[in-house]
Each structure stands twice: as structure tokens, then as C-alpha cells.
Amino acid sequence: MTGLSCTCSLCAPLNPFFFVFFTPQQDASTFKATYVYEPYFYVGVADARFCADVASMLQRRFESTSPPLPLVVEVVDKEDLELANHLAGHQRKYLKLKFNNVSDMMNARKELQPIVANNQVRDMGAYILLVLY
């Protein structure tokens with residue numbers, strides 16, 4: 001793996017995050033395994049019909065930043081524990097945003113947090129109006 005050769009502090013943000021495992025063998029030798037980890041987080045979309053639209057919008061948004069954040073977006077089905085009948089195995093579509101390193105992930109998270117907070121406040125206001133009327 002040529003991309004993992006340099007681990008200096010200048011190149012660390014450019015390289016992916018990885019783990020190196022050393023395991024002892026029965027003959028007292030060691031075995032080295034490297035696991036490349038792509039940091040990720042999930043974004044929930046209110047309506048599953050708009051997953052493709054939100055995914056393309058997120059890719060355009062993070063490619064237009066300087067420096068551009070390389071981003072891979074996948075649509076995955078996961079169990080949502082906030083659903084009323086989550087024990088029945090009902091699943092919801094989420095967007096899995098994968099990044100090359102942790103700093104890119106944290107920058108994207110900082111950008112998305114105010115948007116998510118505004119959406120949660122708006123949804124809570126709509127829920128309160130439904131309860132009152």
C-alpha cells in the first residue's frame with residue numbers, strides 16, 4: 001500500500017486512518033495485519049423518496065468547498081430505534097457519508113450540524129402544533 005507509507009505529521013491529514021494489529025502465533029512469531037478504516041456517519045432523510053436528491057446535493061456541496069472533501073455516499077437500510085414499532089424490524093433509509101480521514105469527517109459534521117438542528121426545531125414545532133390542534 002503506497003498511500004500509507006508516510007506517517008509524518010504533514011501527510012497525516014492526507015492519509016486514511018488505519019489500525020495496525022500485531023498478533024502472536026503459536027510458534028512465537030508475530031503476524032502483522034493492517035486495517036484501513038474510513039470514518040463515516042449517517043444522515044437521516046425525512047422521506048425515503050428524496051435519498052438520491054439529498055445524496056447528490058451533499059456530494060456537490062462538499063466538492064465545492066476549498067479544499068474539496070472527497071466523499072462517498074451510500075444509501076443503507078438501518079433499524080431506527082425512534083420508530084414506534086422498532087422491535088418489529090422496520091427499517092428506514094439513511095445516507096452513509098464516508099470520508100478519507102477523521103478531520104474531513106469532522107469538518108463535514110460541523111457544516112451539517114446547524115442544518116440538522118434547524119430541522120429538528122422545525123419538526124418539533126410542527127409536532128407541537130399537531131398535538132395542540
Subset of the stretch 25-44 that is in contact with a Phe, Trp or Tyr (Cβ under 8 Å, 6 or more places away or on another chain) and assigned to a loop (DSSP other than H, G, I, E, B) - its residue that is modelled with the lowest pLDDT: Q25
Consider only pairs whose beta carbons are under 8 Å apart and that are at least six residues apart or on different chains; among these, list those whose first residue lies in the stretch 66-86 and is within 15 Å of F99 (Cα to Cα) and whose second residue is acidic (D, E) and part of a loop (DSSP other than H, G, I, E, B). V72/E38
I'm trying to understand the selection: among the residues of the stretch 15-48, which are within 25 Å of the chain's Cα centre (by Cα) and over 26 Å from K110 (Cα atoms)? V20, F21, A33, T34, Y35
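Could you say which residue among F50, F31, F99 is touching a residue at least 40 places away in the same chain (Cβ under 8 Å) and among the aromatic types (F, W, Y)?
On the way: F50 fails: touching a residue at least 40 places away in the same chain (Cβ under 8 Å); F31 fails: touching a residue at least 40 places away in the same chain (Cβ under 8 Å).
Step by step, each of F50, F31, F99 is checked, and only F99 is touching a residue at least 40 places away in the same chain (Cβ under 8 Å) and among the aromatic types (F, W, Y).
The values are calculated or read from the model by the stated rules, or taken from the named source; none is laboratory data. Keep in mind the model is a prediction, meaning the values are calculated, not measured. Quick reminder, even Gly has a Cβ in these numbers, built from the backbone with ideal geometry, and neighbours come from all protein chains shown.
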